[in-house]
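A.B. asks: Please read through the structure below; I'll follow up with questions.
Read the figures in this text as sums done on the coordinates, not as results from a lab. None of the values given here were measured: they were computed from a predicted structure. Cβ coordinates were reconstructed from backbone atoms using ideal geometry, including for glycine residues, and neighbour counts include every protein chain displayed.
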Amino acid sequence: MNQIKKLLASICVIFSLLTMSSCMSIDHIIDPDQRLDIYGGTKKSAKILQGEGSSFEALIALFDFPLTVVMDTLLLPIIAPIAL
C-alpha cells in the first residue's frame, strides 16, 4: 500500500510539471498588453526569479525556466521576424 501511495505521488508530481511546462512562453505570446519579444517568456521568468513575484510564482518559475528556454528557442523562427 505504501508503494502505491509513492507511485501516485510521483505520477502527480510528474503530471504537474508537464502541465505547467513553458507556461511563461505561452503567457508572453497570448498577453495582448505585452510587446512580442525574442525570448520574452525567458525574460519574464527571470524577472520572477529575481524577486518580482511571490514566492509561489518563483517556485513555479524555477521548475518552468528550462522548459521556457526550450519553448522560446523552438518559437524563435516564428517570433523573430515579427519582433524585428
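A.B. asks: If you build a Gaussian network model of the chain, linking Cα atoms that sit under 10 Å apart, which residue out of Leu59, Leu67, Leu49 swings the most?
C.D. replies: For the chain, modelled as a Gaussian network with Cα springs under 10 Å, the answer is Leu59.
A.B. asks: Explain nothing, just the number: relative contact order of the chain, from Cα pairs under 8 Å at least 6 residues apart, as a whole percent.
C.D. replies: In percent, rounded to a whole number, it is 35.
A.B. asks: A further question follows. Just want the ordering: Cys23, Cys12, from fewest to most Cβ atoms lying within 10 Å of their own Cβ.
C.D. replies: Cys12, Cys23
A.B. asks: Are there trypsin sites (Lys or Arg not before Pro) in the range 28-84 that DSSP marks as loop and that have at most 10 other Cβ atoms within 10 Å, and which are they?
C.D. replies: Arg35
A.B. asks: Arranged by the count of other C-beta atoms within 10 angstrom, fewest first, what order do Leu84, Leu75, Leu7 take?
C.D. replies: Leu84, Leu7, Leu75
A.B. asks: Where in the chain are the DSSP H helices whose alpha-carbon span along the long axis reaches 27 Å or more and whose Kyte-Doolittle mean is at least -0.5?
C.D. replies: TM-like helix candidates: 55-83.
A.B. asks: Would you list which aspartates and glutamates come within 16 Å of Lys47, measuring only between C-alpha atoms, while excluding same-chain residues fewer than 8 positions from it?
C.D. replies: Asp27, Asp37, Glu57, Asp64, Asp72
A.B. asks: Still on this structure: Using only the Cα atoms of the chain, each taken as one equal point scatterer with no solvent, compute I(q) by the Debye sum, divide by I(0), and report log10 of the ratio at q = 0.13 Å⁻¹.
C.D. replies: These q points yield log10 I(q)/I(0) values of -0.47.
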